[in-house]
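*Asks:* My questions all concern the structure below.
Derivation of every value follows stated rules applied to the coordinates shown; laboratory data play no part. Source: prediction; values computed, not measured. Positions of Cβ are generated from backbone atoms using ideal geometry, with glycine treated the same way; all protein chains shown enter the neighbour counts.
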Amino acid sequence: MNIHREKPGDEAAIHEVKRLAFETDDETNLVDASRRDGYLRISLVAEEDGKIVGHVLFSGVSVDGVSKPLALAPVAVVPGRQSEGVGSAMIKAGIKTCAAEGFDAIFVLGEPGYYSRFGFSTEKANTFDTPYPKEYFMALELAEETLEGASGSIEYPPPFGGG
Ligand SMILES: CC(C)(COP(=O)(O)OP(=O)(O)OC[C@H]1O[C@@H](n2cnc3c(N)ncnc32)[C@H](O)[C@@H]1OP(=O)(O)O)[C@@H](O)C(=O)NCCC(=O)NCCS
């Protein structure tokens, strides 16, 4: 399996991964709109035998007191290839890429039981106001002490649907 940045021409295959992985169109629309409206920062695909089987997106967000934050959403692996480590491999590669490019924190809304294995924690995120349930709202520092003492609001771009 090869994990790499999305390339021109990958858009339709990424769209299909989302369509297959999710029950609604929300996540598919989020990826397409983020790309179209310029919020896409890091977009990675997992490719196997020339076929894209997974995708993860990191978009730009605004967070009080944090200079280069990102939001991780969504991550998807095609049914039939889930629970084989593809999602974990993409998230780890994504975190590495985000850090290498100078981003300082990543926010995610998801299952703590899954995301804590990558270092995300609800504690790091709980000083920020979010429209989302706090028990699922997590953050990961890429630069030490980025979130130390930071608080305020997090503003998601329009592709997130005003959430
Ligand atoms: C969630 C998802 C990206 C994980 O990728 P994956 O390659 O299947 O997962 P991995 O092999 O890296 O990790 C497996 C673990 O993920 C857990 N997992 C799978 N789907 C999950 C989900 N929707 N929520 C929480 N945990 C999930 C498995 O229970 C397993 O846990 P364990 O290691 O404690 O047994 C993938 O299953 C998927 O696309 N699901 C449908 C779309 C979705 O729900 N995306 C997440 C919201 S953005």
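*Asks:* How large is the convex hull of the C-alpha atoms of segment 5-163 per residue, in Å³?
*Replies:* Measuring per residue, one finds 108 Å³ for the Cα hull of segment 5-163.
*Asks:* Run the simple label-point estimate for SER83 and ARG19 please: 7 Å along Cα→C-beta, distance reported in nm.
*Replies:* Placing both labels 7 Å along Cα→Cβ, they lie 2.6 nm apart.
*Asks:* How would segment 8-51 be classified by its alpha-carbon gyration tensor: rounded, prolate or oblate, with rounded meaning a/c under 1.5 and the a/b versus b/c comparison settling the rest?
*Replies:* oblate
*Asks:* Between helix 11-21 and the chain, what is the angle of the helix's C-alpha long axis to the longest principal axis, kept within 0 to 90° and rounded to the nearest 10?
*Replies:* 80
*Asks:* Just to confirm the filter: which GluC sites (Glu not before Pro) across segment 100-163 are DSSP coil and have at most 10 other Cβ within 10 angstrom of their Cβ?
*Replies:* Listed in order of number, the matching sites are GLU144, GLU145, GLU148.
*Asks:* Taking the Cα of LYS68, stepping 7 Å toward and past its beta carbon, and measuring to each backbone N in segment 21-44: which are under 17 Å?
*Replies:* Zone members listed by number: 39-43.
*Asks:* Calculated from DSSP H runs of 4 or more alone, at -39500 (n - 2.57) each and per residue, what is the 222 nm mean residue ellipticity of the chain, nearest 500? If you can, show how the numbers build up before the last one.
*Replies:* Values: 5 runs with 46 residues, N = 163.
So the helix-based figure for the chain works out to -8000 deg cm²/dmol.
*Asks:* Could you give the angle, 0 to 90 degrees to the nearest 10, between helix 26-37's Cα long axis and the longest principal axis of the Cα atoms of the chain?
*Replies:* Relative to the chain, helix 26-37 is tipped by roughly 80 degrees.
*Asks:* Now for a different question. Return one number: the angle in degrees, 0 to 90 and rounded to the nearest 10, between the long axis of the Cα atoms of helix 86-100 and the longest principal axis of the Cα atoms of the chain.
*Replies:* Between helix and principal axis, roughly 50 degrees.
*Asks:* With a point put 7 Å past each Cα toward its Cβ, work out how far HIS4 is from GLU123 in nm, to one decimal.
*Replies:* 4.0
*Asks:* So what is the relative contact order for the chain, in percent, with contacts set as C-alpha pairs under 8 Å and at least six apart?
*Replies:* Taking the mean separation of contacting Cα pairs over the length of the chain, I get 22 percent.
*Asks:* With +1 on the Cβ of every Lys and Arg and -1 on the Cβ of every Asp and Glu, and nothing else charged, how large is the dipole of the chain about its Cα centre, in debye rounded to the nearest 20? Can you show the working numbers first?
*Replies:* Working: 15 positive and 26 negative charges, 65 e Å.
That gives the chain a dipole magnitude of about 320 debye.
*Asks:* Further, regarding this structure: Of TYR156, LEU70, PHE128, which is farthest on the positive side of the dipole of the chain, counting Cα position, with +1 on Lys and Arg Cβ, -1 on Asp and Glu Cβ, and the Cα centre as origin?
*Replies:* Toward the positive end, the furthest listed residue is LEU70.
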